[in-house]
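Shown next, in structure tokens, is the structure this report addresses.
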Amino acid sequence: MFAAERRRAILEHVRVNGAASLHELASAVHSSEVTVRRDIRLLEEQGLLDRRRGGAMWPGSMSHEQSYHQKTRVAAAEKVAIATLAATFVAEGDAVVLGAGTTTYELARLLARMSDLTVVTNSVLVAQALAASPVEVVMTGGSLRGSTLALLGSLAEDSLARIRVRSAFLSGNGLTAERGLSTPVMASAGVDHAITECAQEIVVLADHTKVGVDTMFQTVPVESIRHLVTDEAADAGVVAKLANQGVEVHLAPVGSASGSALSEAQSVS
């Protein structure tokens, strides 16, 4: 593949997905990560995309939210690994909140195996994943955001204000050591704030493409995050800063869908 053709393919991949890691881009264009890194640097200089540690983002991602279908294409294996580890935080008899997102959807699929559990959610996808299971599902009201299949607005926030749960699992669009979890959508931020208020502890599920990324609206400040579950490719500097601020960081090895792999998961204190 010629350089110009390769760069067009990189641009198209990032445009469709909103963000991509070096590994994903190298696989997509059948080239080395070193070559792709040089291409990204050149494309950033031309103003065609935004370079970030470990990959690239489409310009304007700070104020633009990817659709559900776009998100499913990004770090799919990592999201499954993160969800598998996060599922160990939930016990029979618990009441938890699952926010909207592709990683929380993967978590819901695993929690569907439990027999004594209540899940509160504003996500249509999470509710669908649990619909045929013994889990009791409580949905918030609200206006449906079609691109992410999430219920947002004052009805969602008001319904969350009336409940109390042990844990809440949130995803978001970016996570930094300075601002915590964030989203480019104001209405999503409002619901995530309400989720934060109703839970005793907040568990953030964020794959490596989100760690170190900052978007427009803060949803959960660092001091409110009890646990972060991410993957081993996450920016080590950001992870260390979060751990130093009191966040319990758990690294899920990709491929941790089995119980034996779960025992190998690492914790950063």
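The values are calculated or read from the model by the stated rules, or taken from the named source; none is laboratory data. Please read these numbers as outputs of a predicted model, since none were measured by experiment. All Cβ positions, glycine included, derive from the backbone under ideal geometry; neighbour counts span all protein chains shown.
Miscellaneous remarks
- Those residues of the stretch 128-150 which are at pLDDT 95 or above and under 21 Å from H193 (Cβ atoms), in sequence order: V138, M139, T140
- Residue match in the stretch 74-86 (condition: outside any helix (DSSP H, G or I), within 18 Å of the chain's Cα centre (by Cα) and at pLDDT 95 or above): no
- Odd one out for M186 among (1) in contact with a strand residue (DSSP E or B) (Cβ under 6 Å, 6 or more places away or on another chain); (2) under 12 Å from G99 (Cβ atoms): (2)
- The residues in the stretch 207-230 that are touching a strand residue (DSSP E or B) at 6+ places or on another chain (Cβ under 7 Å), at pLDDT 90 or above and over 15 Å from G55 (Cα atoms) can be counted, and the count is 12.
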